[in-house]
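Undergrad: This is the structure, below, for whatever I ask next.
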Amino acid sequence: PALTNGCSAAPLNYCPDQPTTRGEMAIFITRAAFGGTQYLAPSPVFGDVPAGHPYRGYIEKIYLEGVTSGCGDGNFCPDRAITRAEMAIFIVRAFNIPYLHH
């Protein structure tokens with residue numbers, strides 16, 4: 001699958017200056033590192049990602065793979081913008097990239 005479908009389909013737009021959310025990041029990581037394979041736990045893993053959430057399968061996949069443990073208090077915060085630092089950590093964990101601790 002494509003890494004991203006952009007920010008809108010009609011018209012087709014990419015929106016390069018738009019921030020990325022944690023939920024969107026879960027899709028990118030799942031598609032890039034795990035072939036797009038989603039996972040759905042028997043019941044939702046995070047309190048703020050209910051059964052009908054469109055990103056749930058991607059979010060639960062990166063949880064299952066040890067890429068994330070959420071944003072705290074049993075939540076994932078799918079609509080919160082992701083920082084560059086957070087994105088770096090997700091990439092390191094998803095691709096098992098060795099890194100130096102400073």
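The values are calculated or read from the model by the stated rules, or taken from the named source; none is laboratory data. Being a predicted model, the structure only gives us computed values, none of them experimental. Backbone-built Cβ (ideal geometry, glycine too); neighbour counts: all protein chains shown. We work out accessible area using only protein heavy atoms, side chains counted, and drop any ligands, DNA or RNA first. Shrake-Rupley method; radii C 1.70, N 1.55, O 1.52, S 1.80 Å.
Undergrad: State all residues of region 51-81 that are touching a Ser or Thr at 6+ places or on another chain (Cβ under 6 Å) and either modelled with pLDDT under 95 or part of a helix (DSSP H, G or I) (or both); if no residue qualifies, say none.
TA: Residues satisfying the conditions are 58, 61, 62.
Undergrad: Can you confirm whether residue 57 is free of Cβ contacts under 8 Å to residues at least 60 places away in the same chain, crowded, with 19+ Cβ neighbours inside 10 Å and farther than 16 Å from residue 95 by Cα?
TA: no
Undergrad: Next question. Within the bounds of region 29-38, is there any residue that is hydroxyl-bearing (Ser, Thr, Tyr), modelled with pLDDT of 95 or more, surrounded by 12 or more Cβ atoms within 10 Å (Cβ to Cβ) and touching a Gly at 6+ places or on another chain (Cβ under 7 Å)?
TA: Checking region 29-38: at least one residue is hydroxyl-bearing (Ser, Thr, Tyr), modelled with pLDDT of 95 or more, surrounded by 12 or more Cβ atoms within 10 Å (Cβ to Cβ) and touching a Gly at 6+ places or on another chain (Cβ under 7 Å).
Undergrad: Provide a single number: the residues in region 5-28 that are open to solvent by 50 Å² or more (accessible area, probe 1.4 Å), part of a loop (DSSP other than H, G, I, E, B) and in contact (Cβ under 8 Å) with a residue 24 or more places away in the chain.
TA: Of the residues in region 5-28, 1 are open to solvent by 50 Å² or more (accessible area, probe 1.4 Å), part of a loop (DSSP other than H, G, I, E, B) and in contact (Cβ under 8 Å) with a residue 24 or more places away in the chain.
Undergrad: If residue 67 passes every condition in (1) closer than 16 Å to residue 94 by Cβ; (2) surrounded by fewer than 16 Cβ atoms within 10 Å (Cβ to Cβ); (3) of a type outside the set (Lys, Arg) but one, which one does it miss?
TA: (2)
Undergrad: Sticking with this structure for a sec: So, in region 70-96, of the ones that are more than 15 Å from residue 49 (Cβ to Cβ) and among the basic types (Lys, Arg), which residue ends up surrounded by the fewest Cβ atoms within 10 Å (Cβ to Cβ)?
TA: Checked region 70-96; the qualifying residue surrounded by the fewest Cβ atoms within 10 Å (Cβ to Cβ) is 84.
Undergrad: Specify which of the listed residues (41, 51, 2) is surrounded by fewer than 19 Cβ atoms within 10 Å (Cβ to Cβ) and touching a Phe, Trp or Tyr at 6+ places or on another chain (Cβ under 9 Å).
TA: Answer to the selection: 41.
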